[in-house]
Amino acid sequence: MFIGHLPSGYVANHLLQRSCWRGPDSADRLLTTCVMLAGSLAPDLDMFYFYLVDGGRTHHHLFWPHLPLAWLLIGGVIALAGLLLKSRRLLLADAALMIAVFLHLACDTIAGGIAWWHPWSHRLVTWFHVPATHKPWWLNFFLHWTFLFEVLVIVWAGIIFTRRRKSS
C-alpha cells in the first residue's frame, strides 16, 4: 500500500470510536485518534533507513518496523507498563497503536508482502503478486487492480471527514 495507510487508520479510528470506544472522554478520544494516525504510519519509518543508510539494498519490509513479532513485543511491554501503573489511558493508547500497526501490516500484505513468520522465515507473504512490467517501479503498483483498495479507503475516509465537518 502506498497512500492508503493514513486514511485506513482514520477510518478504523472512526469505526472504533463509533462502536467499542464510545465510553472514553474527549481527551481519550483525541489520544486514540493521534495514536492511531501515528500507528498507521509507524511501520513505514523504516523508509528513512532504507533510503538514507541501506541504499535500497534490502526490502524495507524486512526491517523491524514491518515485522509483526517486533510490534507484539512493543505492545506487550506497553501493556505490561499500563497494567503495572494501573493506567487505563496507557492501555487504551496501546490498543490503538496495535490496531493501527497491524492494520498497516495487513494492508501491506495485499500486494507488498510482510514476513509474518519472521524470525522463523524471511519469506514475504503477499495475497496478490504485482508483476514488474513498468518503469519507474512504483507504476506497477499504481496500475495494478489492487490499487483500487487504496482508492476505496481514501474515498471512505473523505466521506467520513466531510460528514464530520458538516455536523460540527
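The values are calculated or read from the model by the stated rules, or taken from the named source; none is laboratory data. Just so it is clear, the model here is predicted, and its values are computed rather than measured. Cβ: placed from backbone, ideal geometry, glycine included. Neighbour counts: every protein chain shown. Please note that ligands, DNA and RNA were not included when accessible areas were found on the heavy atoms of the full protein model with its side chains. Shrake-Rupley method; radii C 1.70, N 1.55, O 1.52, S 1.80 Å.
Calculation over all alpha carbon pairs of the stretch 80-129 in 10 angstrom steps from 0 returns a P(r) of 26, 32, 24, 17, 1 percent.
Express the carbon and sulfur contribution to the solvent-accessible surface of the chain as a percent, rounded to the nearest whole number, probe 1.4 angstrom. Carbon and sulfur: 71 percent of the exposed surface of the chain. Projected onto its three principal axes, the C-alpha set of the chain covers 50, 41, 28 Å, listed from the longest axis down. Per residue, the stretch 68-137 exposes 61 Å² of solvent-accessible protein surface, assessed with a 1.4 angstrom probe and all protein chains in place. Within the listed set Ala81, Ala132, Ala38, the Gaussian network model of the chain (springs between alpha-carbon atoms below 10 Å) gives the highest mean-square fluctuation for Ala132.
Treating the angle as unsigned and between 0 and 90°, give the value, to the nearest 10°, between the Cα long axis of helix 147-167 and the longest Cα principal axis of the chain. So the inclination is approximately 30 degrees. Both numbers refer to the Cα atoms of the stretch 1-84; Rg and Dmax are 15.4, 47 Å. FRET efficiency for the Val155 to Leu41 pair, using the beta carbon distance and R₀ = 25 Å, is estimated at 0.80. Its residue count N fixes a reference of 2.2 N^0.38 Å for the stretch 89-168, and the Cα radius of gyration divided by that reference is 1.43.
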